[in-house]
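Worksheet: one structure, shown below.
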Amino acid sequence: KTTLFDVLAGRLEPERGTVHLGSNDVTRLPLHRRARLGLGYVPQEPTTFGALTVRQNLRTALSAPARRPAPSGASDDELLDTILRRFQLATVADQRAHTLSGGERRRTEVARALLLRPSVLLLDEPFAGLDPRGRHALRVGLDALPSRTALVVTDHAADDLLSVCDRVVLLVSGSLVFDGPRADFS
């Protein structure tokens with residue numbers, strides 16, 4: 001699954017087939033070009049900037065070339081405050097990322113990716129290693145995901161996944177086993 005996400009994100013080239021983002025064939029585009037077309041990606045390994053605070057980590061997204069404009073006209077400070085509250089990070093906003101718990105770090109990574117306003121967000125194992133409180137806070141943040149953003153998640157935490165998904169696609173050993181609405185998945 002991580003290999004599939006790496007191919008979708010542009011970290012690996014596929015041996016065959018194509019990758020499309022909307023009507024764009026992005027198969028040979030690097031990750032940064034895919035990001036500019038609306039693809040967000042949070043890999044399984046940690047990606048926060050440890051020496052920066054949570055707020056500073058989030059600000060990096062606000063000045064990134066891949067950031068898509070917000071239609072609401074909200075200021076960057078308003079967007080930042082909203083996402084800090086949404087992902088329950090306001091109390092640690094001024095802490096350096098290297099001091100965060102795994103759940104706080106993961107929520108920072110997802111919040112930063114969402115500030116880019118992707119049309120598709122890939123999350124690789126977002127719930128892995130999180131305690132129940134961290135999993136809950138991440139679910140709450142993802143519940144407020146804008147409808148314009150498609151969320152593609154791979155994880156072993158089925159209960160957490162099902163709480164944030166409308167549609168389930170289950171692959172086992174590379175073969176499609178289920179594809180349908182969450183309500184039909186058992």
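Some observations on this one:
- Hull volume per residue, based on the alpha-carbon atoms of the chain and their convex hull, is 124 Å³.
- Modelled spin labels at Arg182 and Leu31, positioned 7 Å past Cα toward Cβ, are 2.8 nm from each other.
- Share antiparallel - DSSP beta bridges, the range 37-186, percent rounded to 5: 45
- Using θ = phi - 60° and Karplus 6.51 cos²θ - 1.76 cosθ + 1.60, couplings along the range 109-122 (whole Hz; Gly, Pro as x): 5, 5, 4, 4, 4, 5, 5, 6, 6, x, 7, 9, 10, 8
- Here is how the number arises for the chain: DSSP H runs of 4 or more residues each give -39500 (n - 2.57), the sum is divided by the residue count, and the result at 222 nm is -10500 deg cm²/dmol.
- All Cα pairs of the range 85-184, percent lying beyond 20 Å: 39
- Equivalent ellipsoid semi-axes, the range 18-62, via Cα gyration tensor eigenvalues times 5, rooted, Å: 27, 11, 8
- Under the shape rule built on the C-alpha gyration tensor, where the axes satisfy a ≥ b ≥ c, the range 1-104 is oblate, since a/c reaches at least 1.5 while a/b does not exceed b/c.
- ³J(HN,Hα) computed for each position of the range 138-153 - Karplus, 6.51 cos²θ - 1.76 cosθ + 1.60, integer Hz, glycine/proline x: 5, 4, 4, x, 6, 4, 8, 4, x, 5, 6, 10, 7, 9, 10, 10
- Nonlocal amide H pairs with Val168, under 5 Å, H built at 1.01 Å: Gly180, Arg182
- A 1.4 Å probe run over the range 1-70, with the rest of the protein chains in place, finds 58 Å² accessible per residue.
- Relative packing of 146-152, 97-103, which averages over residues the other C-beta atoms within 10 Å, highest first: 97-103, 146-152
The values are calculated or read from the model by the stated rules, or taken from the named source; none is laboratory data. Here the structure is a predicted model, which is why all the values come from computation and not from measurement. Here the Cβ is made from the backbone with ideal geometry for all residues, glycine too, and neighbour counts use every protein chain on show. Keep in mind that these areas ignore ligands, DNA and RNA; they rest on the heavy atoms of the full protein, side chains included. Shrake-Rupley method; radii C 1.70, N 1.55, O 1.52, S 1.80 Å.
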